[in-house]
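Report on one structure; see the data block that follows.
No value in this document is a laboratory result; all are computed from the given coordinates. Quick caveat: nothing in here was measured; it's all calculated off a predicted structure. Note that each Cβ is placed from the backbone with ideal geometry, even for glycine, and that neighbours are counted across all protein chains shown.
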Amino acid sequence: KNQVEQSPQSLIILEGKNCTLQCNYTVSPFSNLRWYKQDTGRGPVSLTIMTFSENTKSNGRYTATLDADTKQSSLHITASQLSDSASYICVVSFYGNNRLAFGKGNQVVVIP
Amino acid sequence: EAQVTQNPRYLITVTGKKLTVTCSQNMNHEYMSWYRQDPGLGLRQIYYSMNVEVTDKGDVPEGYKVSRKEKRNFPLILESPSPNQTSLYFCASSLQGASNQPQHFGDGTRLSIL
């Protein structure tokens, strides 16, 4: 069973609207959680990284939240732009080693 | 410009013909890793390297080899490729380990094994 589950698998949103992507994980022991953006035909690019003690972190119009108690994270995109069309991947790292658990991604399509 | 460079970007080959995908980074990173990405499965780690001459298996190492003779290079070798290794491959690097720092990814190598 995958230790990182993302939802929704895909969504279509209108340009200018907001959206929220979800990531639930069962990884233990937990070290940190990252969100990556992957444009079509490109490698993933890091958006945010949060440790156990961080609740929220922003990167421009992207805001990630983390609830380490419920093992949930969200990525909120504000005032979406066409360039936000991409796959967003949630990655959780294990504490104490170099293991990573990857979600399968949220595919976001922004339409004019 | 800081980057991870993979070559080739695209390759179509036949079953059993040995191939090597090169990966090079110019950031003096210690940690490097190879992943494959398949539809519906997401990214899966093949091999990783903590430093020169230090490599270890990831989640799906069967059918692959790697070497780390220099810090900047981490080639992926398919000794006898098979169709089930048709996939999109990514090389990534980070300063020290994978746990505490974000990884920098290359732009991928799309491999088709006929």
- request: Give me a count of the residues in the range A:33-61 that are within 14 Å of another protein chain (Cβ to nearest Cβ), part of a strand (DSSP E or B) and without any contact (Cβ under 8 Å) to a residue 60 or more places away in the chain.
  value: 13
message: Go through (1) over 23 Å from B:Asn7 (Cβ atoms); (2) in a loop (DSSP other than H, G, I, E, B) for B:Met50 and report which single condition fails.
response: (2)
Subset of the range A:21-32 (residues that are part of a strand (DSSP E or B) and among the hydrophobic types (A, V, I, L, M, F, W, C)): A:Leu21, A:Cys23, A:Phe30
- prompt: Considering the range A:62-101 alone, what residues qualify as being surrounded by fewer than 14 Cβ atoms within 10 Å (Cβ to Cβ) and away from every other protein chain (no Cβ under 12 Å)?
  reply: A:Asp67, A:Asp69, A:Thr70, A:Ala79, A:Gln81, A:Leu82, A:Ser83
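Rundown of residues vs (1) of a type in the set (D, E, K, R); (2) buried (at least 18 other Cβ atoms within 10 Å of the Cβ); (3) more than 15 Å from the chain's Cα centre (by Cα), yes/no style:
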| residue | (1), (2), (3) |
| --- | --- |
| B:Pro8 | no, no, no |
| B:Thr13 | no, no, yes |
| B:Thr22 | no, no, no |
| B:Asn28 | no, no, yes |
| B:Gly40 | no, no, yes |
| B:Arg44 | yes, no, no |
| B:Tyr47 | no, yes, no |
| B:Lys57 | yes, no, no |
| B:Glu62 | yes, no, no |
query: Pick from B:Lys57, B:Lys69: which is within 14 Å of another protein chain (Cβ to nearest Cβ) and either over 20 Å from B:Pro8 (Cα atoms) or touching an Asp or Glu at 6+ places or on another chain (Cβ under 9 Å) (or both)?
result: B:Lys57
